[in-house]
Amino acid sequence: MLKHNFSAGPCILPQDVFKKAAAAVLNFNDLSILEISHRSKDFVAVMEKAQSLALDHLGLTDKGYKALFLGGGASMQFLMTAYNLLETKAAYLNTGTWSDKAIKEARLFGEVVEVASSKDSNFNYIPKGYNVPSDSDYFHITSNNTIFGTQIKDVSDVNVPLVCDMSSDIFSRQLDFSKFDLIYAGAQKNMGPAGATLIVIKEDILGKVSRTIPSMLNYQTHIGKDSMFNTPPVFPVYVSMLTLEWLKDNGGIPAIEKINDAKASLIYNEIDRNPLFKGFAAVEDRSHMNATFTLEQESLKDIFNTMWADAGINGLNGHRSVGGYRASMYNALTIESVQTLVNVMQELERKA
Ligand SMILES: *Cc1c(COP(=O)(O)O)cnc(C)c1O
């Protein structure tokens, strides 16, 4: 029996997508998807479909945005965003490990103003009421903090370009995506296998820095060549396209958001109700993708770990910087899987 996969990433994808992807490895228009040329008509159509579906889901078609699929992961975007956009000064909101890493890279290119940080309490909340200097080249946020289980609920309006690492909650909830000038996301959290990174970029924010940008790190290079400047990650792009089609066939972001909200309510209600567990993140900032929690009594750890493993649950251990548990509930995870976990938590309460 297949496991209930709560892994933080790479993570669960729809079974339907796995089946289609497996079939295409064996036969994709009489070749394997793994052996076709990225310049072939068939693959160019895949790339175009993936790009147009991404923009379509985000409501950004015909609004001056381009979608790119590049290699290098979200971590490469920590560097590329600053390389392409930071002339003198940029503002960053520090909400955890990933923002921290983005800040470190940006400092290589100019002044970085950390407008606020939740480091003082191990990033268990989202700072609010900060001020973004109006002379910043851009403001960078991380919409969902995969490790700590916090999520920005209201994206404030700022009068500088807004850049967002949306790796772990893209396509999971409705937002006014036109507020953003650049969105990036590693595929492996909610869209596809590791190896591709989606970048959605408003073209008019480019071309404003005076430095010379190496070709491979220049967004304009990749826009000019429609993500085909060099060999793109063919298979991850194909699987991402399949996931975006699956999302469309299932009602798009509005429909998946309802399911994601129901899954989040189910797990958080149990965390709050069950005296054996305690939530890690501040209640108002709780992520609907990654629920972080701990056991009140360390002595129950071994029995709980055995129980969830026996129930066929995979990937529940928290990140080492938080400890405890993390239930990652990306789009493809069903509410039945969350119910399985809740049942185990209730059974532990009966046994303890
Ligand atoms: C996983 C993750 C990253 C790192 O992604 P890579 O593709 O491994 O570089 C960056 N940001 C967030 C929010 C993540 O969840």
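Considering only GluC sites (Glu not before Pro) in DSSP loops that have at most 15 other Cβ atoms within 10 Å, the longest stretch of the chain without any of them is 88-295. Using θ = phi - 60° in the Karplus curve 6.51 cos²θ - 1.76 cosθ + 1.60, the 3J(HN,Hα) couplings for the range 187-196 round to 5, 6, 9, 8, 9, x, x, 4, x, 10 Hz; x is entered for Gly and Pro.
If I model the range 251-351 as equal point scatterers sitting on the Cα atoms and use the Debye formula, what is log10 I(q)/I(0) at q = 0.12 Å⁻¹? The calculated log intensity ratios at q = 0.12 Å⁻¹ are -0.36.
A simple rule links phi to the HN-Hα coupling: the Karplus curve 6.51 cos²θ - 1.76 cosθ + 1.60 with θ = phi - 60°, which for the range 268-281 gives 5, 4, 5, 4, 6, 7, 7, x, 7, 10, 9, x, 8, 7 Hz, with x for Gly and Pro. Around the amide H of Gly318, modelled in the peptide plane, lie the amide H atoms of Gly324, Tyr325, Arg326, all under 5 Å away and 5 or more residues distant in sequence or on another chain. Annotation: Cα Rg of the range 198-283 relative to the compact-globule expectation 2.2 N^0.38 Å equals 1.74. Of Asp135, Asp181, Asp261, the sequence from fewest to most neighbouring Cβ atoms within 10 angstrom is Asp135, Asp261, Asp181.
Using bins 10 angstrom wide from zero, how does P(r) for the range 136-265 break down, in % of all Cα pairs? All Cα pairs, binned at 10 Å, distribute as 11, 37, 37, 14, 2 percent. Taking a straight line from the alpha carbon of Lys248, these lysines sit under 22 Å away, with near neighbours fewer than eight places off in the same chain left out: Lys19, Lys20, Lys49, Lys63, Lys66, Lys189, Lys258, Lys263. Between Tyr92, Tyr238, Tyr130, the GNM of the chain built on Cα springs shorter than 10 angstrom shows Tyr130 fluctuating the most.
With 0.36 nm allotted per residue and the present C-alpha distance subtracted, the Asp16-Thr221 stretch has 70.4 nm of extension available.
Entry note, the chain: the mean residue ellipticity at 222 nm calculated from DSSP H runs of n ≥ 4, each adding -39500 (n - 2.57), is -11000 deg cm²/dmol after division by the residues and rounding to the nearest 500. Beta bridges per DSSP, both residues in the range 15-249: antiparallel share near 50 percent.
Taken over the Cα atoms of the chain, the convex hull encloses 130 Å³ per residue. The listed peptides 325-332, 311-318, ordered by packing as a protection proxy, come out as 325-332, 311-318 (highest mean of other Cβ atoms within 10 Å first).
In a reduced charge model with +1 at each Lys and Arg Cβ and -1 at each Asp and Glu Cβ, the range 15-249 shows a dipole moment near 260 debye about its Cα centre. Ordered by the count of other Cβ atoms within 10 Å of each Cβ, fewest first, Met228, Met76 give Met228, Met76.
Gap in Å between the Cα centre of the range 307-333 and the Cα centre of the range 99-149? Spelled out, the Cα-based centre of one part sits 26 Å from the other. Taking other Cβ atoms within 10 Å as a rough exposure proxy, Thr146, Thr231 sort from fewest to most as Thr231, Thr146.
Each reported figure results from applying straightforward, stated rules to the coordinates on display, with no laboratory input. This one's a predicted model, so the numbers in the text were calculated from it and none came from an experiment. Ideal geometry is used to build each Cβ from the backbone, glycine not excepted, and the neighbour counts take in all protein chains shown.
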